[in-house]
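The values are calculated or read from the model by the stated rules, or taken from the named source; none is laboratory data. Keep in mind it's a predicted model, so treat the numbers as computed, not measured. Note: ideal-geometry Cβ built from the backbone for every residue, glycine included; neighbour counts use all protein chains shown. These area figures cover heavy atoms from the full protein model, side chains too; ligands, DNA and RNA do not enter into them. Shrake-Rupley method; radii C 1.70, N 1.55, O 1.52, S 1.80 Å.
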Amino acid sequence: MTGNAIEAEHLSKRYRLGESTPGRTLREAIAGSVRGRGRQQPREELWSLRDVSFQVPEGQSFGVVGRNGAGKSTLLKILARITQPTAGRSRTRGRLAPLLEVGTGFHPELTGRENVYLNGAILGMSRRDTARRFEEIVTFAGVERFVDTPVKRYSSGMYLRLAFAVAAHLEPDILVVDEVLAVGDAEFQAKCLGRMATVGQEGRTVVFVSHNLEAITRLCTHAVWLDQGAIRAIGSAGEVVDTYLGTLGRETEELVDDPAGPVALRSIRVLDAGSRPVEVMRRDQPLTVEVRFQVRVAVPGLDVAVHLYNVRGVEVLSEAWGDTVLDRPNEPAEYVARLQIPPLLNVGEYTVGVWIGTRYDTFVQETALRRFRLEGDVKGRPRRIMSLELPWDVRRVGESKQQLASVIQKPPARGRRR
């Protein structure tokens, strides 16, 4: 009978900030004693996880979502036996392959070939089984020319590709993947996601942490949302992601303004065709994103960008002031910048983000400031991002456009149906 691949019971992890750690070098110990001489400061406690319990059945793809610092990576390290919990316990059944950092488990002095066999042995694979998958691993990673080169000479991209290929192809019972896929290029990310989907279809367990919420809902059947180390929601991946996204939008009045910053964001609004603030509007009408900001000191090359994200966290639009406006005011004053967006987006919910800065500095960067919804007919294609309604030109092969027009204008002949 199928059981649970992962069981987490009341997991908690506490860190003491500034705590001395065992295993330091003599030089570090002497420096630490000098810094602490004559002053005894209380150590602040940080709970990365608090009373986290869940189960992942064998063969299930399980996602973990949450903001930065929510405890996602700490949870994976505990599951992979890299970090010990302060309280609680976790159990895994079967071989577990963690991919938490680039090149986890690789020895830099060994070649790519040697590291593949080393990782296979760590996972409990026989040399024959590893050899059987070796060519597939190297081909997937795209490091054929460098497989006999020490991995310390690999670029970070090569390191990542080979590390993922080893973890995903050596048939582990449980594959644990952190947000390392963000390091790779788009083509490699697509290959990784496809491979993870294959692993899940083969009946193996996948635990996936990512900020790409579309990938979470596509790959995972269930998910958990961590917030400040505690579980806020757990259940089907779609419901958990929707609940998580519902908390991201917030009013600009809640922003913490940096009084010393050269630029301050004052407000952001979504306006309909009549310049009225809206939260819901028709999909077939243009909308305007209005950004009000204050420039405190002259900033040469000041630029403003607006980003729109769909309900799955995919950035569907990114437009910068500097792309089309070359002579931009930057003197101290309060400004209102408006970006008009034609009716191109599909039906659904969207989140507005704003970036303000220069080519070299970032003054404001917020990804979830305002939410709005477009209503209308999805026309049977709810997953598409854009609804452009582009023109078509269809004709018989060898037929000119004028002949096609005459055929279209001619009424069809009526006859009896046989």
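Scanning the range 100-114 for residues that are at pLDDT below 90 and either open to solvent by less than 20 Å² (accessible area, probe 1.4 Å) or in a strand (DSSP E or B) (or both) turns up LEU100, GLY103. Only residues that are surrounded by fewer than 17 Cβ atoms within 10 Å (Cβ to Cβ) and at pLDDT 85 or above were counted across the range 325-336, and they come to 5.
If you go through the range 348-376 and keep only what is over 20 Å from VAL336 (Cβ atoms), under 23 Å from the mean Cα position of the chain (by Cα) and of a type in the set (Phe, Trp, Tyr), you end up with just TYR350. Restricting attention to the range 349-370, the residues that are open to solvent by less than 70 Å² (accessible area, probe 1.4 Å) and either among the aliphatic types (A, V, I, L, M) or over 21 Å from GLU290 (Cβ atoms) (or both) total 7.
Restricted to the range 193-224, and to residues there that are touching an Asp or Glu at 6+ places or on another chain (Cβ under 8 Å) and more than 13 Å from VAL241 (Cα to Cα), the residue that is most open to solvent (accessible area, probe 1.4 Å) is GLY203. Residue check: PRO343 meets all listed conditions (1) open to solvent by 70 Å² or more (accessible area, probe 1.4 Å); (2) in contact with a Lys or Arg (Cβ under 8 Å, 6 or more places away or on another chain); (3) not in a strand (DSSP E or B) but one, namely (1). When the range 52-97 is examined, which residues are found to be charged (D, E, K, R), over 19 Å from LEU123 (Cβ atoms) and either at pLDDT below 90 or within 25 Å of the chain's Cα centre (by Cα) (or both)? Answer for the range 52-97, where residues must be charged (D, E, K, R), over 19 Å from LEU123 (Cβ atoms) and either at pLDDT below 90 or within 25 Å of the chain's Cα centre (by Cα) (or both): ARG67, LYS72.
Scanning the range 320-347 for residues that are among the aliphatic types (A, V, I, L, M) and within 27 Å of GLU279 (Cα to Cα), we see that the one that is farthest from the chain's Cα centre (by Cα) is VAL336.
Against the condition outside any helix (DSSP H, G or I) and in contact with a Leu (Cβ under 6 Å, 6 or more places away or on another chain), how does GLY88 come out, does it pass? Judged against the criteria, GLY88 is a match.
Of the strands (runs of 3 or more DSSP E) lying entirely inside the range 272-319, not one is found with 2 or more residues being open to solvent by less than 30 Å² (accessible area, probe 1.4 Å), within 20 Å of ARG373 (Cβ to Cβ) and free of Cβ contacts under 8 Å to residues at least 40 places away in the same chain. Inspection of the range 71-82 identifies no residue that is in contact (Cβ under 8 Å) with a residue 24 or more places away in the chain, β-branched (Val, Ile, Thr) and in contact with a helix residue (DSSP H, G or I) (Cβ under 6 Å, 6 or more places away or on another chain).
Per-residue answers, yes or no, for (1) open to solvent by less than 20 Å² (accessible area, probe 1.4 Å); (2) touching a residue at least 40 places away in the same chain (Cβ under 8 Å); (3) within 30 Å of ASP51 (Cα to Cα):
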| residue | (1), (2), (3) |
| --- | --- |
| THR86 | no, yes, yes |
| ARG91 | no, yes, yes |
| PRO98 | no, yes, yes |
| LEU118 | no, no, no |
| ARG132 | no, no, no |
| GLU144 | no, no, no |
| ARG153 | no, no, no |
| ALA163 | yes, yes, no |
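Among residues that are modelled with pLDDT under 85, open to solvent by 80 Å² or more (accessible area, probe 1.4 Å) and under 24 Å from the mean Cα position of the chain (by Cα), PRO412 is not included. Among (1) in contact with a strand residue (DSSP E or B) (Cβ under 8 Å, 6 or more places away or on another chain); (2) modelled with pLDDT of 90 or more, where does LEU255 come up short? Every listed condition holds for LEU255 apart from (2).
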